[in-house]
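Working notes, beginning with the structure itself.
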Amino acid sequence: DDQACLQCHPAYAQDPEAHTHHARGSVGSRCQNCHMPHTVYGLLKSIRSHWIDSPSATATRATGRANACNLCHLDKSLGWSADRLAEWYGQPRPVLSPDEETIGEGIRWTLTGDAQPRAMMAWHMGWPEAKAAAGDAWRGFFLGQLLDDPYPAVRYRAGHSLARLSAERPFAYDFLDAPAERARLRRETMAYWRAAAEDRRGV
């Protein structure tokens, strides 16, 4: 837990908000969520990298590796994260594309990434910590898109995350269904969650 870090960084225990800029005890103040996020995909889930690092918009821009800020705040753009990292920690702000400035990274990774980031986003969209940071209703639409992904592992994770989103709509899905059935469920799911987001039902 956090004590593994705080035994060498005791000052942060006294005033965690000054370092994390998140409320004490919140998921954003947990050491591992910022410094060892779930950036590896394997065994049909995202796992922590066990590489201690700090979130960096510059590194994300240069390598494509997801950063901790946008793995919780899936609805926020890389530009949004770059602004906070510059303000809070003095990090240089990278030059970003218009899409990186304006579109949520979770959405960009879901729609434009290769299979690994799509699977990782499907997992993170069902992660309770991301739900707390980014809300629910908007995610169902993009998870619906992944129900007909070319890769079974992506479809599997998308189905599991969708099943967690709402108790109001029972969700039965077989990621190995025939392509026509997957396509039908994709269309119906995206239509449902578009309406849910627009009328603010959510969960």
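Every listed requirement among (1) in a helix (DSSP H, G or I); (2) out of contact with any Pro (no Cβ under 8 Å at 6 or more places or on another chain); (3) crowded, with 18+ Cβ neighbours inside 10 Å is met by residue 87 save one, (3).
One residue stands out in region 17-32 among those that are assigned to a helix (DSSP H, G or I), out of contact with any Phe, Trp or Tyr (no Cβ under 7 Å at 6 or more places or on another chain) and not polar (S, T, N, Q): the one that is surrounded by the fewest Cβ atoms within 10 Å (Cβ to Cβ), namely 18.
The residue pairs whose first member lies in region 183-199 and is closer than 17 Å to residue 161 by Cα, whose second member is surrounded by fewer than 20 Cβ atoms within 10 Å (Cβ to Cβ) and among the basic types (Lys, Arg), and whose beta carbons are closer than 7 Å, counting only pairs six or more residues apart or on different chains, are 192/169.
Residues in region 33-48 that are assigned to a loop (DSSP other than H, G, I, E, B) and either basic (Lys, Arg) or open to solvent by 30 Å² or more (accessible area, probe 1.4 Å) (or both): 36, 43, 44. Take region 174-203 and flag every residue that is outside any helix (DSSP H, G or I) and at pLDDT below 90. Those that are outside any helix (DSSP H, G or I) and at pLDDT below 90: 199, 200, 201, 202, 203.
When the residues of region 5-16 are filtered to those that are at pLDDT 90 or above and open to solvent by less than 70 Å² (accessible area, probe 1.4 Å), the one that is nearest to residue 84 (Cα to Cα) is 16. Residues in region 149-163 that are surrounded by fewer than 19 Cβ atoms within 10 Å (Cβ to Cβ) and at pLDDT 95 or above: 3 in all.
So which residues in region 90-103 are open to solvent by 30 Å² or more (accessible area, probe 1.4 Å) and in contact with a Leu (Cβ under 6 Å, 6 or more places away or on another chain)? Across region 90-103, the qualifying residue is only 91. Among the residues making up region 65-84, a single one is open to solvent by less than 60 Å² (accessible area, probe 1.4 Å), without any contact (Cβ under 8 Å) to a residue 40 or more places away in the chain and assigned to a loop (DSSP other than H, G, I, E, B): 67. Within region 104-112, does at least one residue satisfy the condition of being open to solvent by 50 Å² or more (accessible area, probe 1.4 Å), acidic (Asp, Glu) and closer than 25 Å to residue 136 by Cα? No, there is no match, as no residue in region 104-112 is open to solvent by 50 Å² or more (accessible area, probe 1.4 Å), acidic (Asp, Glu) and closer than 25 Å to residue 136 by Cα.
The values are calculated or read from the model by the stated rules, or taken from the named source; none is laboratory data. Fair warning: this is a prediction, and the values are worked out from it, not measured in the lab. Note that we place each Cβ from the backbone using ideal geometry, even for glycine, and neighbour counts take in every protein chain shown. The protein model used for the area step is the full one, side chains on, heavy atoms only, and it has no ligands, DNA or RNA in it. Shrake-Rupley method; radii C 1.70, N 1.55, O 1.52, S 1.80 Å.
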